[in-house]
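These notes are about the structure you will find just below.
The values are calculated or read from the model by the stated rules, or taken from the named source; none is laboratory data. What you see is a predicted model; the values in this text were computed from it and never measured. Here the Cβ positions follow ideal geometry from the backbone for every residue, glycine too, while neighbour counts run over all protein chains shown. We work out accessible area using only protein heavy atoms, side chains counted, and drop any ligands, DNA or RNA first. Shrake-Rupley method; radii C 1.70, N 1.55, O 1.52, S 1.80 Å.
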Amino acid sequence: MLAQDEYVVEILRDFGLVNNDEIAQARDTAKAQEIGVLEALIKAGHITEADVTKCLASQFGMDVVSLVEHTVSDDVLAMVPRQIARRYKIIPFSKHNNTLTVAIGDPMDVETIDSLRYILKVNVETVVASKADIAAALNRYYGTADDAVESMLQEITEGEIDLEVVKTDQHLEEPTESDVDAPIIKLVGLLIMEAYRNRASDIHIEPLEKRLRVRYRIDGMLHEVDNPPKRLQPAIISRLKIMANMSIAEKRVPQDGRIQIPVMGRVLDLRVSCLPTNHGESIVMRILDKSSLLLGLGDLGFFSDQQEVMNRLISLPDGVFLVTGPTGSGKTTTLYACLNSINRPDRKIITVEDPVEYQLSGINQVQVNADINLTFAAALRSILRQAPNIIMIGEIRDLETANIAVQASLTGHLVFSTLHTNDAPSAVTRLIDIGVKPFLVASSCRAIMAQRLVRKLCQKCKEPYTPTAYEMQVLKLDPRELEKTTIFRGRGCPECAKTGYRGRTGVYEIFELTDEVRQMVYERVPSNVLRARAREIGMRTLREDGVRKIMAGVTTPEEVISITQGDEN
């Protein structure tokens, strides 16, 4: 900053606006008052901010404009969202074709100019305005920070959100009458309600150095929304911690909690995680949508032939059925849908989960708690004495858990669980690698399913699309098949927030262990050999299932390629 000040002072001297004596006097003042030399020159009255602006603009070949005398049209303002304009302190000035002209206060801020080109995805040209002009224009066109909060609060419709938290624990602090009227409580309620309205799965509240960032994860992608002022950060974080029954006095260690809050006529369940960071506590809230529990296998994205296979597999009397995939690929939702399908009065079902995300009617659910040594393995040993028919294990993480799951399957139990591998055949190798004997894997595993989530096309704005040569090659699309069907892409509309996608569905790879495959597992053949043989006997890969969904008009080639990067075949 000091070096930049000296550079600007040199420019001012070259233009003849200050002399050496004035600069020397300003340096003494700056040192005494611990301010910049430029600020000292302005305070002494030797120059004005307008002089600095004109000199820098001339030095960098930019025009100087007056924002007071210029009116920005609505279509130009719409090109720069409020949070971007405020973050970078810029005002959109005019546009021509695909070029947007913006007014900035510091012509030397090359980083901002480059960032704008990347964020706005248009060519950006710059003009210079005084910082005071820009600050006034930001308030005029975008409203003050306080106005932004006030307008957010005014958006709350009476009856859509109840500001009182549903009492889930007797020690949960109840809001007092004065609290309910507090703007912070209304603001927090609005953030949750807007996330629900926008079909978000997560709310991220992240303290940064100079601002408090709020993002919603919608259809697997993070979207930044209007940010509350940084000064409200402590109050917002404290309110959320009270709602989640966390300690507001403890700011040094991570905490977890749950919130239940009535929103738009239904009780919303949120799982809350609080993590200390450099600039304050970061909070992530997972919105647990209980409507997903009512989904049938067809609603998850299975085609009719896959549904038949799944119905047969989950009706088996014993064995292990594994679902694999990365975090956030919908494994838990799939397992819940399976349990829901086979949940009948004549069957006893017990689950061991960490954490228990949803309460399932008619099913015994156990929450893992490492603090009291209630691990997956410890819970499983006790569960077997409860004589269940079906067991669901949230995740197989170690040899002890895997061995108990295998033994349970061999003694007449149907066991569902998840595992972290890239594809279905690799799960066999993974189990053997953590120490399960190959003959036990071969004997117990009935099937393994890998899955991913792809975004679905928005039905309001989808339009016919011709795949590129690259997409044709990577997805192995047959030109003759394309003549018989139409492939679509999303144009983008208000219904899908200009993304072209709305909602998600699954793509699946179901690997059934036949007698031949069991022999190969027993012989410990490499996973690539196992995968090749599985494909020969009819296993459809993730990418091949994705291509079927492209042909059915469900998703796009771009989306399938992005989530099946590791699928080389």
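Between Y501 and residues 5 or more places away or on another chain, which pairs have amide H atoms under 5 Å apart, with H built 1.01 Å from N, and which residues are they?
For Y501, whose amide H was placed from the backbone, the distant partners under 5 Å are C458.
Can you tell me what the convex hull of the Cα atoms of segment 226-279 projects to on average, as an area in nm²?
4.5
So if I take the alpha carbon set of segment 512-569, get Rg, then get Rh from the Kirkwood formula, what is the Rg over Rh ratio?
1.10
Which value, in debye to the nearest 20, gives the size of the charge dipole of segment 62-150 about its Cα centre, when Lys and Arg are +1 and Asp and Glu are -1 at the Cβ?
Approximately 200 debye in magnitude.
Which three extents, in angstrom, do the Cα atoms of segment 365-453 have along their principal axes, listed largest first?
The principal-axis extents, from largest down, are 34, 28, 25 Å.
Heavy atoms only, probe 1.4 angstrom, no DNA, RNA or ligands counted: give me L208, L431 ranked by accessible area, highest first.
L208, L431
Tell me the carbon and sulfur percent of the accessible area for segment 305-436, rounded to whole percent, probe radius 1.4 Å.
Carbon-and-sulfur percentage of accessible area, whole number: 46.
Accessible surface of V37 in the full protein assembly, 1.4 angstrom probe, to the nearest 10 Å²?
Accessible surface of V37 is approximately 20 Å².
Take the alpha carbon atoms of segment 350-390, find their center, do the same for segment 1-60, and report the distance between the two centers in whole angstrom.
Value for the Cα centre distance between the two parts: 70 Å.
What is the packing order of peptides 222-231, 499-508, taking the mean over residues of other C-beta atoms within 10 Å and listing the highest first?
499-508, 222-231
For segment 453-569, what does the alpha-carbon gyration tensor say about shape, rounded, prolate or oblate, given a ≥ b ≥ c as the root eigenvalues, a/c under 1.5 as rounded, and a/b over b/c as prolate?
The shape class here is prolate.
Residues of the chain: accessible area per residue at 1.4 Å, in Å²?
49
Let me spell out the model: positive unit charges on the Cβ of Lys and Arg, negative unit charges on the Cβ of Asp and Glu, origin at the Cα centre of segment 34-102. What dipole size does that give, in debye rounded to 20?
My answer is approximately 240 debye.
Around T101, which amide H atoms from residues at least 5 apart in sequence, or from another chain, sit under 5 Å from its own amide H, with H modelled in the peptide plane?
Here the answer is F93, S94, K95, H96, E125, since their amide H atoms fall under 5 Å of that of T101.
Taking the Cα centre of each part, how many Å lie between segment 393-425 and segment 225-284?
When both Cα centres are located, 34 Å separates them.
Of G319, V366, S382, which is farthest towards the positive pole of segment 294-385's charge dipole, taken about the Cα centre with +1 and -1 on the beta-carbons of Lys, Arg and Asp, Glu respectively?
Of G319, V366, S382, it is S382.
A 29 angstrom limit on the alpha carbon distance is what I want to check against. Which of K210/K456; K89/K460; K210/K251; K43/K121; K230/K456; K121/K210 exceed it?
K210/K456; K89/K460; K43/K121; K230/K456
Can you run phi through the Karplus equation (6.51, -1.76, 1.60; θ = phi - 60°) for segment 89-99 and list ³J(HN,Hα) in whole Hz, with x for Gly and Pro?
6, 10, 10, x, 9, 6, 9, 8, 6, 9, 10
Given G412, V102, A24, which one lies farthest toward the positive end of the charge dipole of the chain, if we put +1 on the Cβ of every Lys and Arg and -1 on the Cβ of every Asp and Glu?
Most positive-ward Cα: G412.
With every protein chain left in place and a probe of 1.4 Å, what is the accessible surface of I487, to the nearest 10 Å²?
10
Quick one: grab the alpha carbon gyration tensor of segment 322-378, order the square roots of its eigenvalues as a ≥ b ≥ c, and give me rounded if a/c is under 1.5, else prolate or oblate depending on whether a/b is larger than b/c.
Since a/c reaches 1.5 but b/c is at least a/b, the shape of segment 322-378 is classed as oblate.
Indicate the gyration tensor shape class of segment 197-251 (rounded, prolate or oblate), computed on the Cα atoms with a ≥ b ≥ c the square roots of the eigenvalues: a/c under 1.5 is rounded; otherwise a/b larger than b/c is prolate and the rest oblate.
Judged from the Cα gyration tensor, segment 197-251 comes out oblate (a/c at least 1.5, b/c at or above a/b).
Please figure out what share of the DSSP beta bridges in the chain is antiparallel and state it in percent, rounded to the nearest 5.
Rounded to the nearest five, the antiparallel share is 65 percent.
Run the 1.4 Å probe and let me know the accessible area of S94, rounded to the nearest 10 Å².
For S94, the solvent-accessible surface is approximately 40 Å².
By residue number, which cysteines of the chain lack any other Cys whose Cβ falls under 4.7 Å from their Cβ?
Lacking a cysteine Cβ partner under 4.7 Å: C55, C274, C338, C445.
Using helices alone, I'd like the mean residue ellipticity at 222 nm for the chain: each DSSP H run of four-plus residues gives -39500 (n - 2.57), total over residue count, nearest 500.
-11500 deg cm²/dmol
Counting Lys and Arg as +1 and Asp and Glu as -1, each charge on the Cβ, what is the dipole of segment 427-517 about the Cα centre in debye, to the nearest 20?
Rounded to the nearest 20 debye, it is 660 debye.
Compute the FRET efficiency between A135 and E463 as 1/(1 + (r/R0)^6), taking r as their Cβ-Cβ distance and R0 = 41 Å, and round to the nearest 0.05.
FRET efficiency, A135 to E463: 0.45.
Rank L475, S201, M449 by how far each Cα sits towards the positive end of the charge dipole of the chain (+1 on Lys, Arg Cβ; -1 on Asp, Glu Cβ) and give me just the farthest.
Positive-end residue among those listed: M449.
Which cross-chain or sequence-distant (5 or more) residues have an amide H under 5 Å from the amide H of R489, H modelled 1.01 Å from N in plane?
It is E463, Y465, by chain and number.
Using each residue's phi in segment 277-289, evaluate 6.51 cos²θ - 1.76 cosθ + 1.60 at θ = phi - 60° and report the 3J(HN,Hα) Karplus result to the nearest Hz, with x for Gly and Pro.
In residue order, the calculated couplings are 10, 4, 10, x, 8, 8, 10, 10, 10, 8, 7, 8, 8 Hz.
Please compute P(r) over all alpha-carbon pairs of segment 258-380, binned at 10 Å starting from zero, and give each bin as a whole-number percent.
10, 33, 36, 16, 4, 0
Residue by residue, what Karplus-based ³J(HN,Hα) values in Hz, rounded to whole numbers, does segment 201-210 have, using 6.51, -1.76 and 1.60 with θ = phi - 60° and x for Gly and Pro?
After applying 6.51 cos²θ - 1.76 cosθ + 1.60, I find 9, 9, 10, 10, 10, 10, x, 9, 4, 10 Hz.
I'm spelling it out carefully: the read-out is semi-axes √(5λ) of the Cα gyration tensor in Å, the candidates are [x] 55, 31, 23; [y] 47, 35, 20; [z] 48, 32, 26, and one was derived from this structure. Which label?
The listed entry that was calculated here is [x].
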